[in-house]
Structures are given as C-alpha cells and as structure tokens.
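Written below as structure tokens is the structure these notes are about.
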Amino acid sequence: MLARKLRMPLAVIGMGMFLASCATDIKEIKDNITEYNGKKVTVSGTVIETTDLLVTKYYELKDDTESIYVVPLGDLPNEGDEKKVTGIVDEKMKVGKSNFIVIKEVAK
C-alpha cells in the first residue's frame, strides 16, 4: 500500500530531475561554438547581471561551468533569479581567441 502511494510523487520527482538534466552546460556551448552556433539549446542557471539599453536588453546567466548572455523575448528577470531558457546560439563577434556569444530566447 505504501509503495502504491509513493509511485506518483516519485514519478514527478524523477521527471523533474530528467528535465533539469536536459540543459546544456554553458561551457560546452562556448568550447564547441562551431557545433552549437545557430542551434537551439536549453540552458539553466542564475541571473547574475541584467542590462536594459535603449535598443536592446539582455542578462547574464551563470551555471556551474560558465556564464553567457541571453537576449529575452519578454521582460528582464531579476538578478538572483534561477532561470531555464531555450534559445538559438549566436556567435556575434570573434577577436583572436575571444568571442562574444549570446543565446536569443525563443518561444517554447
């Protein structure tokens, strides 16, 4: 009887862990930009900085491996928010070994 009562909560927890594991490490994207540029990815992490300029807005998202800039579809999140975002990787500029990479959020 107890096992039957635990099935649903355990299934929900398992699904949540599976979905969380679907996020790509930001370092993986940056280290393999030729593979990811133009591709749809999902990343998750903590918002560490937001920028709202006249012509654009973006925020910096940091996971356990690295950070990346995200151009949101809607409003900017708050600094400290935990976010999971899906978007298209876009290598904006490369100078020597440095490159500026963003993720442009797409509708789910």
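Read-outs throughout are calculated quantities, based only on the coordinates presented, and are distinct from any laboratory measurement. Treat the numbers as computed from the prediction; the structure is a model and nothing was measured. Every residue, glycine as well, gets a Cβ built from its backbone with ideal geometry; the counts of neighbours run over all protein chains shown.
So if each residue of separation counts as 0.36 nm, and I subtract the Cα-Cα distance between LEU76 and LYS62, what length gain in nm does that give?
Additional length available on full extension: 3.5 nm.
Which of the peptides 46-52, 84-90, 101-107 is most tightly packed, and how do the rest follow, going by the mean number of other Cβ atoms within 10 Å of each residue?
Ranked from most to least packed, the peptides come out as 84-90, 101-107, 46-52.
Please say if the range 21-106 is rounded, prolate or oblate, where rounded means a/c under 1.5 for a ≥ b ≥ c the square roots of the C-alpha gyration tensor eigenvalues, and otherwise the choice is prolate for a/b larger than b/c and oblate otherwise?
It comes out oblate by the Cα gyration axes.
Just the number, please: percent antiparallel of the DSSP beta bridges in the range 24-105, rounded to the nearest 5.
The answer is about 90 percent antiparallel.
Which of the lysines could be linked to LYS92 by a straight reach, that is with a Cα gap under 29 Å, when you skip same-chain ones fewer than 8 residues away?
Cα-Cα hits under 29 Å: LYS27, LYS30, LYS39, LYS40, LYS57, LYS62, LYS83, LYS84, LYS104, LYS108.
Could you order peptides 68-78, 30-40 by the average number of other Cβ atoms within 10 Å of their residues, highest first?
Listed from highest to lowest mean packing, they are 68-78, 30-40.
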